[in-house]
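Heads up, the thing below is written out as C-alpha cells.
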Amino acid sequence: MHTFNSLNILLASTEIILFGLIILFLLLSLLVGKSKELFLSRAFLVSLFVFGFYMVIDSFSNPTIEYGFNGMYVIDPISVFSKGFICIVFALALLYCEQFLNLMKISQSEFFLLSSFGLLGQFLMMSASHLLIIYLGIELVSLSLISLIALNRESSASIEAAIKFFVLAALASGFLLYGISMIYGATGTLQLNEIADQILSDGANPIIVVFGLVFVVCGLAFKLGAVPFHMWVPDIYQGAALPSTLLIGSTPKVAAVLMIYRILFDGFYPLLEDWKGMFIILAFLSLGLGNLVAILQKSFKRLMGYSTIGHVGFLVGAIASMNYELTENLVLEISVIMGLFAYIFIYLLSFLGALGCVLLLAKEEKISSDLISDLRFMVKANPVVAWCMVLFMLSMAGIPPTIGFYTKFVILESMVAADLVWLAVFAVLFSVVGAFYYLRIVKVILFDGMYINESVKKVQLSFMSSAFLIINGSIILILGLFPDIMFEPVTRLVEFSFFSN
C-alpha cells in the first residue's frame, strides 16, 4: 500500500521551488503595479540564475539517483545539471528580451510568467520516468509557447503562427497519445522500466508495441523538429516575435533530448533495432533538407529555423549511433552519450547568443527588420555585439577554434564507430553546405558593414547585458581552445547517471 510519505515528494524540490517562485512573482506583479515592474523582473531573473547555479553545483557535489512518486519521477546528476543549465540560460534569455519587449509594448510580467510555466514543463520532461508525466510536461511546454507566440496581439503574423502551432501541436499530441495507448494495451504499464521488463520477458505483443513505438517516435520527432515533422519550425520562428523565437528554439531542445533519451533507453532499449532505423532516416532527411533550404532564406529568423533542423539532424544521428549494452566498449558508449549532451548544450549557448545579439540591438530599427542583409548595420551600431555574433555563427557552423567544431567531431566519430560511415560522410558534406549560410552572415556583418555610408544609430547596452553577452561569447571561444573543460564534466555526469551500476 502506498502512503503519502512513500511518494518521496521532496525529490521534486526543484519543480516545487520553481513553481513557488512563479506564484510569488505572479502575486507580487499584481500588487506592486507598473512602477516597480522592472525591479521585480530583475529580482525574478536573479532568483532563477542563482537557483540554476545551485543546481549545477549540486549535480557534481551530490551525484545520486533516486526515484519518487512510485517510480514516476527520477532525479539523477544529468537531469539536475540540465535543469540548472537551462535555468541559467532561461534567465539570460529573458534579460536579453527586456529591451525588445518594451519596444514592442509587450508586458514583461505576462511574458515572464508564461515562459516560466514552460520552464516548469521542461523540468517535468527531464525527470519523468512515466509516459503520462512525460505527456503532461510536453503539453505544459506547448501551451506556454503557444500563448507566448500569441502574446504579440498587434501582429497578424504572430496570431497566425500561434494558430499553426496550436493545430500542429495538437496533431503531434494525438500521435503521441495513440502510441502511448497502444503501448499500455500491450504491456499493461506506462512506467518506462516496467515497459522494458515486459518486452524482455515476452509479456507484450511485439507487433503492437512496435506499432505504438512508431507513433511515439513520430510525436517526439515533431517536438524536436526533425524532417518530415518539421513543417512548423520555420513558420513559427518567423511569425513569432523575436523573444518568443528565442525561447522556442533554446531550452525546450535540451529537455526534449533528455526526455527522448529516457524513453528510448529506459523503456524501449530491447527494441533498439526497430527504432534505430527510424532515427537514421530522420537524421538523413533533417541534415539534407535543413541545410539546403536554409541557403535560400532571406529572413534571419527563418534561416535560424532551417539551421535548427540541420542541428536536429546531428542530434538524432547521435541517438541512432548508440548501441545500448550491445557493445563491450563501455568507453565508446559513454563517449557517444557525452557527445549528444555536449552538442545540445553548446548549440543552446550559440543560439542564445546569436538571437541575443539581434535583440540587444533592437533599438536600431534597421537591424530589427529580420532581413539578413540588414545585419550589416551591426558593426556600426555596436562593434562588440557584432564580433560576438560572428563567434556564435562560427560555432554553429562548426569552424575551429570554436567549441562547435569539437561537438560535431565527437558525433561524427560516434557515427563512424557505429558503422554509419555513409551517414557521417553525408553529415560532413552538409555541414559544409551549412557553413556557407553561416559564413554569409559573417560576411554581411563584417565586410558589408565596413563600407556602408548610411547613418546608423549607436546602441549603448546596459552593463549587465554587455557583461553576459561577452561572457557568452568568451565561453564559446575558451571551450574551443580547451574542449576538455566541458567534455570531462559532461562525461562524469553521464557516468554517474547511466553507468553507476
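The values are calculated or read from the model by the stated rules, or taken from the named source; none is laboratory data. All of these numbers come straight from a predicted model, not from anything done at the bench. Here the Cβ positions follow ideal geometry from the backbone for every residue, glycine too, while neighbour counts run over all protein chains shown. Surface areas here come from the heavy atoms of the whole protein model, side chains and all, with no ligands, DNA or RNA. Shrake-Rupley method; radii C 1.70, N 1.55, O 1.52, S 1.80 Å.
Calculate, in nm to one decimal, what residue 37 and residue 170 gain on full extension: separation in residues at 0.36 nm each, minus their alpha carbon distance. Don't jump to the answer; show the numbers that get you there.
Values: separation 133, 0.36 × 133 = 47.88 nm, distance 3.43 nm.
The residue 37-residue 170 span can extend by a further 44.4 nm.
If R0 is 51 Å, what FRET efficiency do you get for residue 231 and residue 477 from their C-beta distance, rounded to 0.05? Here the calculated transfer efficiency is 0.90. Taking all protein chains together and a 1.4 Å probe, the residues 274, 197 rank 197, 274 from largest to smallest accessible area. Oblate is the label for segment 102-170, because the ratio a/c of its alpha-carbon gyration tensor axes (a ≥ b ≥ c) is 1.5 or higher and a/b is not greater than b/c. Extension gain, residue 452 to residue 332, is 38.1 nm, computed as 0.36 nm per intervening residue step minus the present C-alpha separation.
Solvent-accessible area assigned to carbon and sulfur over the chain amounts to 68 percent, based on a 1.4 Å probe.
Loop sites only, by DSSP: take the GluC sites (Glu not before Pro) in the chain that have at most 10 other C-beta atoms within 10 Å and name the longest stretch containing none of them. Numbers along the way, then the final one.
On the way: sites that count: 154, 328, 454.
Result, exposed sites excluded: 155-327.
Summing charges over all other residues whose Cβ lies under 14 Å from the Cβ of residue 63, with Lys and Arg as +1 and Asp and Glu as -1, gives -3.
Globularity index of segment 64-137 is 1.35 (Cα radius of gyration / 2.2 N^0.38 Å, N = number of residues).
May I ask you to compute the full-extension gain from residue 13 to residue 428, defined as 0.36 nm times their residue separation minus their alpha-carbon distance, rounded to one decimal in nm? Before the final figure, lay out each step's value.
Details: separation 415, 0.36 × 415 = 149.40 nm, distance 4.27 nm.
Between residue 13 and residue 428, full extension yields 145.1 nm more.
Set against the labelled values (1) 21.9, 77; (2) 21.9, 71; (3) 24.3, 85, Rg and Dmax of the Cα atoms in Å computed from this structure falls on (1). To the nearest ten degrees, helix 272-294 and the longest principal axis of the Cα atoms of the chain are 10 degrees apart. Show which lysines lie in cross-link reach of residue 380 when reach means a straight Cα distance below 25 angstrom and same-chain residues fewer than eight apart are skipped. Those lysines meeting the cut-off are 298, 301, 363, 366, 443, 457, 458.
Mind checking the angle between helix 403-417 and the chain's longest principal axis? C-alpha axes, 0 to 90 degrees, to the nearest 10. Helix 403-417 sits roughly 30 degrees off the main axis of the chain. Assuming R0 = 35 Å, can you tell me the calculated FRET efficiency for the pair residue 160 and residue 274, based on Cβ-Cβ distance, to the nearest 0.05? Using R0 = 35 Å, I get an efficiency of 0.40. Taking only Cα atoms, what is the 0 to 90° angle, nearest 10, from helix 108-127's long axis to the longest principal axis of the chain? Around 30 degrees separate the two axes. Here residue 164 is the anchor, and the aspartates and glutamates within straight C-alpha reach of less than 19 Å, apart from those fewer than 8 places off in the same chain, are 139, 154, 235. Note that segment 61-78 has calculated 3J(HN,Hα) couplings of 7, 9, x, 10, 10, 9, 10, x, 6, 6, x, 7, 9, 10, 10, 8, x, 5 Hz, one per residue in order, obtained from phi through the Karplus relation 6.51 cos²θ - 1.76 cosθ + 1.60 (θ = phi - 60°); glycine and proline are x. Averaged over its residues, the chain has an accessible area of 39 Å² per residue, based on protein heavy atoms and a 1.4 Å probe.
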